[in-house]
Amino acid sequence: MYQRRVDPIRQFSPVAGQKRRRLERDYAQLQQDIGELDRQLRRLSLRRRALSEQRRSVHRRLWVNLARRGRRAAPDGREALPPLPAGASMLWGRRLRAACLAILARRGPLPLVEIHAELHRLGHGVAQAHPVKALADALGYEADEGRVVRVERGTYRLTPGTRLRVAG
């Protein structure tokens, strides 16, 4: 495999001295705040999953399923895809792949269904006519590049040692 050429897209900042140190402190504080929000989101997501499983169990006892149509939880208890939030940012290509890698870095190995649900919970949608296929293609590309590993059919995890680029 050949080494890719990387052309710089940013120049060194002319900000120096006290102003630069203040900006660097602000940047570090913002990074810490984002990290804390990510930890809170993870805790809330795990709690939501547990509550959702309990609710599904009660729902099955209250209402017997008479038809095989409609959007519902999978037989193994996984949740149905949450609705796309109003004003969601639509992702494709490199940005979609980066968002998927970030989700895998935070949550560990996940099936495509849960990655898609997490994208919706984070306020993103897949800008394609067939979103599930686009998501599978995006992670297949990342697997070809060696950044993710296909654990089983439709389930991926981040390759150990993969470094994510942080958008600035």
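Output the residues belonging to the stretch 86-119 that are surrounded by 19 or more Cβ atoms within 10 Å (Cβ to Cβ) and in contact (Cβ under 8 Å) with a residue 60 or more places away in the chain. The answer is LEU101, GLU118. Taking the stated definitions as given, is LEU66 of a type in the set (A, V, I, L, M), modelled with pLDDT under 80 and more than 25 Å from GLU142 (Cα to Cα)? Answer is yes for this residue. Cβ-Cβ contacts under 8 Å between residues 6 or more apart (or on different chains), taken from a first residue in the stretch 138-155 that is farther than 16 Å from ALA102 by Cβ and basic (Lys, Arg) to a second residue that is modelled with pLDDT of 90 or more and in a strand (DSSP E or B), are listed as ARG150/TYR156. Considering only the stretch 138-157, I want to know if a residue exists there that is surrounded by 14 or more Cβ atoms within 10 Å (Cβ to Cβ) and at pLDDT below 90. Yes: one or more hits.
Any residue at all in the stretch 56-63 that is basic (Lys, Arg), more than 27 Å from GLN40 (Cβ to Cβ), exposed (fewer than 13 other Cβ atoms within 10 Å of the Cβ) and modelled with pLDDT of 90 or more? So far as the stretch 56-63 goes, no, none of its residues is basic (Lys, Arg), more than 27 Å from GLN40 (Cβ to Cβ), exposed (fewer than 13 other Cβ atoms within 10 Å of the Cβ) and modelled with pLDDT of 90 or more.
The values are calculated or read from the model by the stated rules, or taken from the named source; none is laboratory data. On a predicted model such as this, the values are computed, not experimentally measured, just so you know. Neighbour counts run over all protein chains shown; Cβ positions are idealised from the backbone, glycine included.
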